[in-house]
Amino acid sequence: MIVCITGKIGTGKSTVSKFFEKLGFVYINVDELGHRAFELNKDAIEREFGTSDRKEVGKIVFSDPRKLEKLESLVHPTMKMLLSEAIEKASGKDIIVEAAIKRRLNITCCDFTITVVADTEIIKERLKDRYTPDLIDEILKRQTDVIEEGIVISNNGTVEQLNEKLRVIWEEYIQKGKKKGSV
């Protein structure tokens with residue numbers, strides 16, 4: 001079974017993914033695949049943007065949606081290939097795919113999707129030590145393609161409260177779905 005976890009930045013996708021990883025799921029993080037895809041396409045990125053430094057490229061594409069599209073056209077095919085390889089490598093095992101950009105990458109391999117949501121103020125509080133308030137606002141504004149699909153889980157509380165919700169999803173949907181052959 002392949003379960004996809006999606007949601008905006010700071011909602012708790014990684015916490016949800018790690019919950020399932022502890023249950024024996026193979027964990028695939030699409031952000032990490034993106035870093036690998038960037039490295040594999042460094043020459044083309046350097047030609048296009050005049051640098052292959054990820055932070056510098058990030059600054060360039062963040063201010064220009066057309067340049068972001070160009071970067072995505074360079075790395076997304078490689079990301080999809082790496083995702084396919086990772087899924088194939090884990091064949092026969094339960095897999096968790098954490099992908100904020102599930103729709104943008106057109107990931108269709110999921111048997112089941114969980115969308116993690118949180119209130120904007122809580123997201124900002126979680127991210128305040130890593131990003132400036134302006135950058136958080138800009139990232140959230142650009143994540144309009146993250147839509148609620150599958151089971152939507154609100155993560156505005158504690159990790160314990162989230163884990164309790166996840167136990168219910170695990171027992172009521174995923175385990176039962178595995179027994180029936182579909183979720």
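The values are calculated or read from the model by the stated rules, or taken from the named source; none is laboratory data. Remember, predicted model here, so these are calculated numbers, not experimental data. Positions of Cβ are backbone-derived with ideal geometry, glycine not excepted, and every protein chain shown enters the neighbour counts.
How many residues does the range 128-144 hold that are out of contact with any Pro (no Cβ under 9 Å at 6 or more places or on another chain) and surrounded by 12 or more Cβ atoms within 10 Å (Cβ to Cβ)?
Step one: of the range 128-144, the residues out of contact with any Pro (no Cβ under 9 Å at 6 or more places or on another chain) are 128-141, 143-144.
From what is left, the residues that are surrounded by 12 or more Cβ atoms within 10 Å (Cβ to Cβ) are 128, 131, 135-140, 143.
Residues flagged as out of contact with any Pro (no Cβ under 9 Å at 6 or more places or on another chain) and surrounded by 12 or more Cβ atoms within 10 Å (Cβ to Cβ) within the range 128-144 amount to 9.
Considering only residues that are over 19 Å from the mean Cα position of the chain (by Cα) and outside any helix (DSSP H, G or I), look in the range 117-135 and name the one that is modelled with the lowest pLDDT.
THR132
All but one of (1) part of a helix (DSSP H, G or I); (2) among the β-branched types (Val, Ile, Thr); (3) touching a residue at least 60 places away in the same chain (Cβ under 8 Å) hold for VAL61, so report the exception by its number.
Here VAL61 meets the rest and fails (3).
Need the failing condition index for HIS35 against (1) surrounded by 15 or more Cβ atoms within 10 Å (Cβ to Cβ); (2) in a helix (DSSP H, G or I), just the number.
Of the numbered conditions (1) surrounded by 15 or more Cβ atoms within 10 Å (Cβ to Cβ); (2) in a helix (DSSP H, G or I), the odd one out for HIS35 is (1).
From the list PRO65, PRO77, exactly one residue is over 27 Å from ASP134 (Cβ atoms) and not basic (Lys, Arg). Which is it?
Working: PRO65 fails: over 27 Å from ASP134 (Cβ atoms).
Step by step, each of PRO65, PRO77 is checked, and only PRO77 is over 27 Å from ASP134 (Cβ atoms) and not basic (Lys, Arg).
Considering only the range 84-92, I want to know if a residue exists there that is buried (at least 18 other Cβ atoms within 10 Å of the Cβ), in contact with a Ser or Thr (Cβ under 8 Å, 6 or more places away or on another chain) and at pLDDT 95 or above. Don't jump to the end; show me each part of the working.
To start, the set of residues in the range 84-92 that are buried (at least 18 other Cβ atoms within 10 Å of the Cβ) comprises 86.
Pick out the ones that are also in contact with a Ser or Thr (Cβ under 8 Å, 6 or more places away or on another chain) and you get none.
No, every residue in the range 84-92 fails to be buried (at least 18 other Cβ atoms within 10 Å of the Cβ), in contact with a Ser or Thr (Cβ under 8 Å, 6 or more places away or on another chain) and at pLDDT 95 or above.
Any residue at all in the range 136-155 that's modelled with pLDDT of 95 or more, polar (S, T, N, Q) and on the phi < 0 side of the Ramachandran plot?
Yes, the range 136-155 contains a residue that is modelled with pLDDT of 95 or more, polar (S, T, N, Q) and on the phi < 0 side of the Ramachandran plot.
Quick one: would you say LYS55 is out of contact with any Pro (no Cβ under 9 Å at 6 or more places or on another chain), assigned to a helix (DSSP H, G or I) and not assigned by TED's automatic domain parsing to the domain that holds TYR131? Talk me through it step by step, then tell me what you get.
On the way: out of contact with any Pro (no Cβ under 9 Å at 6 or more places or on another chain): yes; assigned to a helix (DSSP H, G or I): yes; not assigned by TED's automatic domain parsing to the domain that holds TYR131: yes.
When the stated conditions are applied, LYS55 passes them.
Out of LYS80, LYS70, I need the residue that is more than 30 Å from GLU160 (Cβ to Cβ), at pLDDT 95 or above and in contact with an Asp or Glu (Cβ under 7 Å, 6 or more places away or on another chain). Which one?
Numbers: LYS80 fails: in contact with an Asp or Glu (Cβ under 7 Å, 6 or more places away or on another chain).
Criteria check complete, one pass: LYS70.
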